[in-house]
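Input: a single structure, listed below in C-alpha cells.
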Amino acid sequence: MNEEKTKTSFESKVSPEILYSADTDKFWMVDGRGKFVGYRKGAVTNRLEFEYSYTEGERKEFFAHVYRDCVIDCVTAIGGWKKGLHEIGSKKVLVPYEQRRIKPVKGEWEIMNKLLLGMFGQEQFEYYKGWLKTWLASFYSYKFTPGQVLILVGETSSGKTLLKDIHSYIFDGGGQPLKYMTGGTDFNGELCEVCSLHIDDKLNDLGNTGKKKLKAECKEISVAGQLRFEAKNKTAFNASPCFRLLICCNYTEDSVTVIPDIDESTKNKISILNCKRNRMPMPSRKPDERAAFWKQIESEMPAFLYHVIHEHQITEEFADLEEERMGVRGYHNEKAMKFVETHSNEGKRLFAMIEALRLCDSTEDEWCGSAGELINKLKDKGIEKQATPTSIGRFLNQRIACGSKLVKKVSQRRYTIDLTDNEDEPVDVENEIVKIPMEDGTKVNESQEELFEDEEEKNYYGYP
C-alpha cells in the first residue's frame, strides 16, 4: 500500500477509531452508547459507507491501514480504567468501556451519616472515611493504589450486606471472588472488570485448604501492582484494577477463622471493623419502605462523596505513616480482634497452653519463664510433645506481633502469660457516646440510641 496516498486520502475525511483483534477476527468500534463493540467486517463496511461516506476504494485503503497499524492483543474491561487503548507490558489492550462516576456535589447527607455512624461508632467511622477516601482517589484518577482488605465482623442484620450494596453503587458494580480465591476455579477474568469485590457471609464450608488460599489471596490483592487474570478460551493477561475487597463475617467461629493473622506481614494489609446491630435511620420493613430508603441513599450519595473526597482529612492517628503508600494504616477493632484471636487455630493453641499452665498452679494470675521452661510444663500435661524451645519462642513472638494481650516479652528469652479468665465481655452499645457533626461545624454528644427511631420500631439493618 502506498503510505503517502493513504495519508492524503484520510486527511480529507473524518476517520473513526477502529481497532482489529486478529484472534477473533473482529473490528472494535464505538457504538451509540459510547462503548467499543466488536463487529464483523460487513457491519463496519456499512458504517463507514453510511456514517462516514467512504467510497469503496477508501474503505479498502482504510481496512488495509487497520490490519497493519491498529491490531490489538486483548479486549477486556479493567475496573477503574479509562475507555480506550492501553499498553500493558508489550501488549496492546483495549478497554471497551469504563464505570460511570458519580459527580460529587456539596450538600446534605444526614441519613448516610446516621446509617454509618450507627453502624461503626465515631472512631471506626473516621477510619472508614479515610479508607474510602484513598479508594475514591484511585477510582476518580483512573489509577491503581494499594489499599487494605476491609473485614467487617458483626451480628446478623448489622449492616454488612447493606454496605456492600453501597460500595457496588458507588463504583458501578461488584464481583464475588470467593470461588477463585479459595481454589474453586482457575478462572477470574470477570473480576478484572469491577472495582468492588465482596465476600458476604459464605465462609463456613471452605475447608482448611480453601481458607489458607483465601488468606494468601487477601495479602496479594491489597498491594499487588498487577494481578494475573484468566478467562475461558481467552489469553491470560496482567492488569491492575482500582479495586478493594470487602469481607463480611459473622461472630461465629467458622466465619472468623478465615481472617489472616495480624502480624508484621499483614498488619497494614488487613483492617478489621466491628459492626453494631442497630435500628435503621428510616423505616425499611416493607418493600416500598426499603425502596424509599435506598432512593434516599442514592440522592445523598453525591454529597457524601463530596465530603469524603474534598472535606474529610485523614488525621495522623489513622494515616499510613510507616509505609506511606496506602493513605491510611491498618485498623483493628479491639472487640473483633479479641474474638478472632480466641477462635483462630493459633488462638486455640495458646488457650490450650494457658489451660495447661492453670492446671500446674491454679492460684497464680500469670506464668513467667523461658520457652524451654514452658516446654517442660506443657509436656508434663501431655501437650506440645513435638515442640522445641525455638518453635515455642517463635510462636509466642508471633502472638505478641498479632496484638495478643495474653503474652508479653519481659526480656530477650523470658515471657509472661496471662492466666486470668479472659472471657469476652459484651460491649455496651446502648450507652456508647458518639459525636454527631452539626450544620455549623460544631459537635454534640448523643447516645447511640437517640440517633434512631423509637424503641418500638425494632427496625434493624437488613431486617426484612
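Less than 15 Å from a label point 7 Å out along the Cα-to-Cβ axis of H86: which backbone N atoms in the stretch 227-251 qualify, by residue?
Once the point is set 7 Å along Cα→Cβ of H86, 227-230, 237-244 turn out to lie under 15 Å by backbone N, inside the stretch 227-251.
Rounded to the nearest 10 degrees, what's the angle between the helix 207-223 long axis and the longest principal axis of the chain, both from Cα atoms, 0 to 90?
60 degrees
Stretched out fully, how many nm does the piece from E220 to S299 gain, at 0.36 nm a residue minus the Cα gap?
On the way: separation 79, 0.36 × 79 = 28.44 nm, distance 3.53 nm.
Taking E220 through S299 to full extension adds about 24.9 nm, to one decimal.
Give the order of S157, S265 when sorted by the count of other beta carbons within 10 angstrom, beginning with the fewest.
Details: S157 17, S265 11.
Ranked by crowding around the Cβ, least crowded first: S265, S157.
Per residue of the stretch 139-153, in order, report the coupling 6.51 cos²θ - 1.76 cosθ + 1.60 (Karplus, θ = phi - 60°) as ³J(HN,Hα) in whole Hz, putting x for Gly and Pro.
Rounded to whole hertz, the list is 5, 6, 9, 6, 9, 5, 9, x, x, 5, 5, 9, 10, 9, 10.
Under the rule a/c < 1.5 gives rounded, and otherwise a/b versus b/c splits prolate from oblate, where does the stretch 31-140 land using the Cα gyration tensor? All intermediate terms of the calculation are to be shown ahead of the outcome.
Working: a/c = 4.99, a/b = 2.68, b/c = 1.86.
Prolate is the answer for the stretch 31-140, as a/c is 1.5 or above and a/b outweighs b/c.
If amide hydrogens are placed 1.01 Å from N in the peptide plane, which non-local residues have theirs closer than 5 Å to the one on A236?
The answer is none.
Give me the percent relative contact order of the chain, please, defined on Cα pairs under 8 angstrom at least 6 residues apart. Numbers along the way, then the final one.
On the way: 752 pairs, mean separation 75.8, N = 464.
Once divided by the residue count of the chain, the mean separation gives 16 percent.
Between T185 and V71, what is the label-to-label distance in nm when each label sits 7 Å out along the Cα-to-Cβ direction?
In this crude label model, T185 to V71 measures out at 3.1 nm.
Using Cα atoms only, what is the angle between the long axis of helix 110-120 and the major principal axis of the chain, expressed in degrees (0 to 90) to the nearest 10?
The answer is roughly 40 degrees.
Need one number: % antiparallel among DSSP beta bridges in the stretch 23-177, to the nearest 5. Working shown, then result.
Details: 9 of 11 bridges.
Among the beta bridges of the stretch 23-177, antiparallel pairing accounts for roughly 80 percent.
Pick the calculated Kirkwood radius over Cα pairs in Å for this structure from [x] 30.2; [y] 25.8; [z] 24.3?
The value computed from this structure is option [y].
Non-local amide H neighbours of W28 (under 5 Å, H modeled in plane, Pro and chain starts lacking H): which ones?
Those lying under 5 Å, H to H, from W28 are L19, Y20, S21, Y39.
Could you give me the ³J(HN,Hα) list for the stretch 324-330, computed from phi with Karplus coefficients 6.51, -1.76, 1.60 and θ = phi - 60°, whole Hz, x at Gly and Pro?
In residue order, the calculated couplings are 6, 9, 10, x, 10, 7, x Hz.
Which pairs break 28 Å Cα to Cα here: K381/K405; K215/K295; K106/K179?
Numbers: K381/K405 24 Å; K215/K295 36 Å; K106/K179 40 Å.
Distance filter (> 28 Å) returns K215/K295; K106/K179.
Scattering from the C-alpha atoms of the stretch 178-302 alone, worked out with Debye: what is log10 I(q)/I(0) at q = 0.09, 0.15, 0.20 1/Å?
Each listed q corresponds, in turn, to -0.36, -0.88, -1.18.
Could you order peptides 314-322, 344-352 by the average number of other Cβ atoms within 10 Å of their residues, highest first?
On the way: 314-322: 13.4, 344-352: 16.2.
Highest to lowest by the protection proxy: 344-352, 314-322.
Compute the helix-to-body angle for 160-170: its Cα long axis versus the longest principal axis of the chain, expressed 0 to 90° and rounded to tens.
Helix 160-170 sits roughly 30 degrees off the main axis of the chain.
Relative to the Cα centre, what is the charge dipole magnitude of the stretch 110-336, using +1 at the beta carbon of each Lys and Arg, -1 at the beta carbon of each Asp and Glu, and rounding to the nearest 20 debye? Could you put the intermediate results ahead of the total?
Working: 29 positive and 32 negative charges, 107 e Å.
So the magnitude is around 520 debye.
Could you name the lysines in cross-link range of K41, using Cα to Cα under 16 Å and dropping any fewer than eight places away on the same chain?
K26, K60
Rank by packing, highest mean first: peptides 329-337, 137-145, with packing defined as the count of other Cβ atoms within 10 Å averaged across residues. Let's see the in-between values first.
Numbers: 329-337: 19.6, 137-145: 17.2.
Ranked by mean Cβ neighbours within 10 Å, highest first: 329-337, 137-145.
Say R0 is 35 Å: what FRET efficiency, to the nearest 0.05, do R100 and N345 get from their beta-carbon distance?
The formula returns an efficiency of 0.20 here.
Could you work out how much longer the chain between T388 and Q176 gets when fully extended? Use 0.36 nm per residue separation minus the Cα distance between them, nm to one decimal. Mind showing how you got there, number by number?
Working: separation 212, 0.36 × 212 = 76.32 nm, distance 4.20 nm.
Here the answer is 72.1 nm.
Given the DSSP H assignment, sum -39500 (n - 2.57) over each helix run of at least 4 residues in the chain and divide by its residue total; what's the result at 222 nm in deg cm²/dmol, nearest 500? Write down the numbers at each step before the final one.
Numbers: 14 runs with 170 residues, N = 464.
When only DSSP H runs of four or more count, the value is -11500 deg cm²/dmol.
Only the coordinates and a few stated rules stand behind these numbers; no lab work does. Every value quoted in this text rests on a predicted model; they were computed, and no experiment measured them. Neighbour counts are summed over all protein chains in view; Cβ atoms, including those assigned to glycine, are modelled from backbone coordinates with ideal geometry.
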